[in-house]
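Undergrad: Here you go, one structure.
The values are calculated or read from the model by the stated rules, or taken from the named source; none is laboratory data. This one's a predicted model, so the numbers in the text were calculated from it and none came from an experiment. Glycine also receives a Cβ, built like all others from the backbone with ideal geometry; neighbour counts cover every protein chain displayed. Surface accessibility is based on the protein's heavy atoms, side chains included, excluding ligands, DNA and RNA. Shrake-Rupley method; radii C 1.70, N 1.55, O 1.52, S 1.80 Å.
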Amino acid sequence: MTSKNSSNKNQTKKKTKSENTNSIKTIDVSKVSKQNIGNKKNKKLYFGYHTRLFTLIILFICFFSLCLIFATKTLERQKLIPISYKQKSNVDYKVYLNENNFYEQDYLEMNKAYVASLIKYIDVNFNYSFNIASLSNINFNYKIIGELIIENNGGTKRYFEKKYTLLESKNKKLVDSNALDIKENIQIDYNYYNKLANSFRSTYGVDTNSYLNLYLDIKGQSSEKLNYNINENNKVLLKIPLSEKAIEISFDQNDREIIKQVIPVGKVVFNVKYLVLEIVFLFISILLFVKIVKYITSIMKSETKYDKFVKKMLKEYDRLIVETKTYVDLSTYNIIEVKSFTELLDVRDNLKAPILYYNITKHLKGVFYIKNDNDIYLLTIKEIDLENNK
């Protein structure tokens, strides 16, 4: 009787245990099924550590490039079309004479031979005309320069040279027009410069070749918003020989017409919109760069947060965890994702199965999992998640 009762009790216990086990498993499977269905519907796209690093580098390059592009556009010089202009210069002169017994007239016309001792002064007319393709406002500054030159007889070396301002700087304006004429007259004291040249020769006892060059020095500066310059020595030379008994005055580049182009000097435009974009992209680039450095530093660390976590788990639960060198094919199993190691321990206590550990990427990613028939209870540990959950 006792034996029979004992047998009935054992059967009842086994039946109860079996029912409880089946009940627990049924509940777990039910929950898991719902969880898996939910996970498939709301599954988040995950990028690996190296993929994130590569993406950050690409983004950094893109944003920094945009920053440089907008930096070049923040200060931008206006591009302007060249403007053509034409200038023509010529010189004519008369040689006025001292009183003498031969010439009845007061002066001699140009392009003749002149006795140096008869020259009283030389009357010179400078004529300059300027014409530009478009209506302009230009300030012209000009002066007439005389250049005394004393050189050796071969003309290869200069002993002395000095510039004299024969006409002080003058100003003339071109206002909403495209043409300008400049006419100036000066008188050259020939004997003054001739005496200087003769004095140099007699003082130093050297054979010399001396002469006085005359030219018009003219510069133009536009007063418009789009600036341009006309800067050049318009050297219409009149060459007057010195230290000779008789002279012939010669021209260099007289009555010439020159056609040129002037390129307007565009103003630098400051664009606030591009400056703001430049600052924004620079700020983003700095944040991305800091993030990249942080990621690379975490890789180079001898022990990451991932390493510390795994080391701690293996030490505390050494008897429950088995490290493996191979990993299972997850596609052949029903995957049940576990949120924490504590929950994985609860699964282990229920199933009495070992916790398996596999290191997927050194210092970065690994998994703890439990196999139960066609189910795998999986806990994925990632360095990037541990960094984010500081």
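Undergrad: Restrict the check to region 150-159 and report whether at least one residue is loosely packed, with under 15 Cβ neighbours inside 10 Å, β-branched (Val, Ile, Thr) and either closer than 16 Å to Ser243 by Cβ or more than 47 Å from the chain's Cα centre (by Cα) (or both). Reasoning before the result, please.
TA: First pass over region 150-159, keeping only residues loosely packed, with under 15 Cβ neighbours inside 10 Å: 152-158.
Checking which are β-branched (Val, Ile, Thr) leaves us with 156.
Imposing the further condition that a residue be either closer than 16 Å to Ser243 by Cβ or more than 47 Å from the chain's Cα centre (by Cα) (or both) reduces the set to 156.
Scanning region 150-159 turns up at least one residue that is loosely packed, with under 15 Cβ neighbours inside 10 Å, β-branched (Val, Ile, Thr) and either closer than 16 Å to Ser243 by Cβ or more than 47 Å from the chain's Cα centre (by Cα) (or both).
Undergrad: Identify, please: which residue in region 333-358 is among the β-branched types (Val, Ile, Thr) and part of a strand (DSSP E or B) and is, among those, surrounded by the fewest Cβ atoms within 10 Å (Cβ to Cβ)? Walk me through it before giving the result.
TA: First, the residues of region 333-358 that are among the β-branched types (Val, Ile, Thr): 335-336, 338, 342, 347, 355.
Next, from what is left, pick out any that are part of a strand (DSSP E or B): 335-336, 355.
Numbers: Ile335: 14, Ile336: 21, Ile355: 19.
Out of the qualifying residues, it is Ile335.
Undergrad: Does Ile296 qualify as being at pLDDT below 75 and open to solvent by 60 Å² or more (accessible area, probe 1.4 Å)?
TA: Details: at pLDDT below 75: no; open to solvent by 60 Å² or more (accessible area, probe 1.4 Å): yes.
So Ile296 does not fit the description; no.
Conditions tested, residue by residue: (1) in a helix (DSSP H, G or I); (2) within 30 Å of Lys86 (Cα to Cα); (3) modelled with pLDDT under 90.
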| residue | (1), (2), (3) |
| --- | --- |
| Ile149 | no, no, no |
| Gly154 | no, no, yes |
| Phe160 | no, no, no |
| Lys163 | no, yes, no |
| Leu166 | no, yes, no |
| Lys170 | no, yes, no |
| Asn185 | no, yes, no |
| Leu196 | yes, no, no |
| Thr203 | yes, no, no |
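Every residue, every condition in (1) in contact with a Gly (Cβ under 6 Å, 6 or more places away or on another chain); (2) at pLDDT 50 or above; (3) surrounded by 12 or more Cβ atoms within 10 Å (Cβ to Cβ); (4) in a helix (DSSP H, G or I), yes or no:
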position: Thr16; (1), (2), (3), (4): no, no, no, yes
position: Asn20; (1), (2), (3), (4): no, no, no, yes
position: Arg52; (1), (2), (3), (4): no, yes, yes, yes
position: Phe63; (1), (2), (3), (4): no, yes, yes, yes
position: Phe70; (1), (2), (3), (4): no, yes, yes, yes
position: Leu80; (1), (2), (3), (4): yes, yes, yes, no
position: Asn90; (1), (2), (3), (4): no, yes, yes, no
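Undergrad: Which members of region 53-77 meet the condition of being in contact with a Lys or Arg (Cβ under 8 Å, 6 or more places away or on another chain) and under 17 Å from Lys273 (Cα atoms)? Write out each step before concluding.
TA: First, the residues of region 53-77 that are in contact with a Lys or Arg (Cβ under 8 Å, 6 or more places away or on another chain): 56, 77.
If the condition is that a residue be in contact with a Lys or Arg (Cβ under 8 Å, 6 or more places away or on another chain) and under 17 Å from Lys273 (Cα atoms), then Arg77 is the only one that fits.
Undergrad: Which condition number does Ser302 fail, the rest of (1) part of a helix (DSSP H, G or I); (2) open to solvent by 80 Å² or more (accessible area, probe 1.4 Å); (3) at pLDDT below 85 being met?
TA: Only one criterion in (1) part of a helix (DSSP H, G or I); (2) open to solvent by 80 Å² or more (accessible area, probe 1.4 Å); (3) at pLDDT below 85 is unmet by Ser302, namely (1).
Undergrad: Another one. Take region 321-353 and flag every residue that is under 11 Å from Phe368 (Cα atoms) and in contact with a helix residue (DSSP H, G or I) (Cβ under 7 Å, 6 or more places away or on another chain).
TA: Ile321, Glu337, Val338, Phe341, listed by residue number.
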